[in-house]
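In what follows, a single structure is set out as structure tokens and then discussed.
The values are calculated or read from the model by the stated rules, or taken from the named source; none is laboratory data. From a predicted model like this one, the values you see are computed outputs, not experimental measurements. Note that we place each Cβ from the backbone using ideal geometry, even for glycine, and neighbour counts take in every protein chain shown. Ligands, DNA and RNA are stripped out before the accessible areas are found, and what is left, the full protein with its side chains, is counted by its heavy atoms. Shrake-Rupley method; radii C 1.70, N 1.55, O 1.52, S 1.80 Å.
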Amino acid sequence: MKVGLLGGLTGLLLVALVVGAGQGQMHVPPLEVLGSVLHRIGLDLGPLPTHPRAEDTLWDVRFPRVVLAALVGAALATAGAVMQGIFGNPLAEPAVVGVSSGAAVAAGCVIVLDVAVLGSWTIAAAAFLGGLAATLLVYLLSRDGGRTEVVTLVLTGIALNAMTSAALAFLMFLGDQQAREEIVFWTLGSLNGTRWAAVAVVAPLAAVGIAAALVLARRLDLLALGDRAAFHVGVDVERLRLAAIVVVALLTAAAVSFCGIIAFVGLVVPHLVRMIAGPGHLLLVPASALGGAVLLTFADLWARTAVDNADLPIGMLTSLVGGPFFFWLIRRSRRTAGGWA
């Protein structure tokens, strides 16, 4: 099961990357996309693109975008799987509970105040601190008596999203025209204009976050038995939760830094993976990362090609799909718990 699922998702991701790179205003056949990659790494295999501008289009525009889509999808889905593990709640997801918005507010402050003390890493560092503060706030406000009730978590997310929306509106009021456009871009979520510099910042953050989530996987399984049971088998529960919160903030910062708020990926993907592979985090985390990468790569392809000569905000499309899934989860939680708890 494990090898088959991970192998299948890896194959699907490769297909998504090749197809996504070839589609757009200039169509490049999949064999030519593969040929371009193989020739670039020194293997004289496959046909090169026949269009005179296809190589530049692939390497300067398409490849950075599809790679960033995969990285962001992997980071968001992994963050969702870890959040659901530490909260013990199926509705925990960075965008739903306001963590992505918190990261966006911190990044918006950097944009409006024109801060660049860390160069290209400044926005990512601010997003990490904003995401960390938002995650800690959600954790402190929604936990009561060692458990997180559905209603408390959802209401905390509503309140935090309302506050961060007000903060973003205030930043738009303070900022100039360019800052306003950047903040609007963030709130809608988009991969338009992605370059390799953004990939160079997001890739190490996502890699470290996913690796850290894998390290925590076995202890998250023990935490699912309950705080007391986990403590009796040697798990320092509070230290584990704090470590997981830092991991969630890191992954959310990786996702939000350059493409804004993209909702519901961290909610939908871990649930779909659980239906196939069960709740064990040692398989759930890598399968969610691959599934999130596949989902967002295809969603970005849809955003680029659904309307001629237009690039739809990808955050809008994921919300259109994820919103009904969220309603279904709430109804299912109500049925299984016997009420709104």
Check: Looking at the range 24-36, is at least one residue closer than 30 Å to Trp186 by Cβ, surrounded by fewer than 18 Cβ atoms within 10 Å (Cβ to Cβ), out of contact with any Leu (no Cβ under 7 Å at 6 or more places or on another chain) and touching a residue at least 40 places away in the same chain (Cβ under 8 Å)?
Finding: yes
Margin query: What are the pairs with Cβ atoms under 8 angstrom where one residue, in the range 109-137, is within 20 Å of Ala200 (Cα to Cα) and the other, located anywhere, is open to solvent by 40 Å² or more (accessible area, probe 1.4 Å) and acidic (Asp, Glu)? Sequence gap at least six, or different chains.
Written below: Ile111/Glu182
Check: Checking Gly11 against (1) open to solvent by 50 Å² or more (accessible area, probe 1.4 Å); (2) under 27 Å from Ser190 (Cα atoms), which test does it fail?
Finding: (1)
Note to self: I'm trying to understand the selection: among the residues of the range 239-271, which are small (Gly, Ala, Ser), touching a Leu at 6+ places or on another chain (Cβ under 8 Å) and open to solvent by 10 Å² or more (accessible area, probe 1.4 Å)?
What the structure shows: Ala243
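What number of residues within the range 173-185 are in contact (Cβ under 8 Å) with a residue 24 or more places away in the chain and more than 21 Å from the chain's Cα centre (by Cα)?
So in the range 173-185, the residues in contact (Cβ under 8 Å) with a residue 24 or more places away in the chain come out as 174-175, 179, 182-183, 185.
Cutting the leftovers down to more than 21 Å from the chain's Cα centre (by Cα) gives us 174-175, 179.
Looking only at that region, the number is 3.
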Item checked: Filter result for Thr122 (among the polar types (S, T, N, Q), open to solvent by less than 30 Å² (accessible area, probe 1.4 Å), under 20 Å from Arg274 (Cα atoms) and modelled with pLDDT of 80 or more) -> no
Next item on the list: Name the single residue, out of those in the range 274-284 being in contact (Cβ under 8 Å) with a residue 40 or more places away in the chain and touching a helix residue (DSSP H, G or I) at 6+ places or on another chain (Cβ under 7 Å), that is surrounded by the most Cβ atoms within 10 Å (Cβ to Cβ).
Entry: Leu284
Notebook entry, point to check: Of the conditions (1) assigned to a helix (DSSP H, G or I); (2) surrounded by 20 or more Cβ atoms within 10 Å (Cβ to Cβ), Ser165 fails just one. Which one is it?
Noted result: (2)
Checklist line | Pairs with Cβ under 8 Å, 6+ apart, first in the range 216-235 and in contact (Cβ under 8 Å) with a residue 12 or more places away in the chain, second in a loop (DSSP other than H, G, I, E, B) and open to solvent by 80 Å² or more (accessible area, probe 1.4 Å) | finding: Asp221/Pro279; Leu222/Val233; Ala224/Pro279
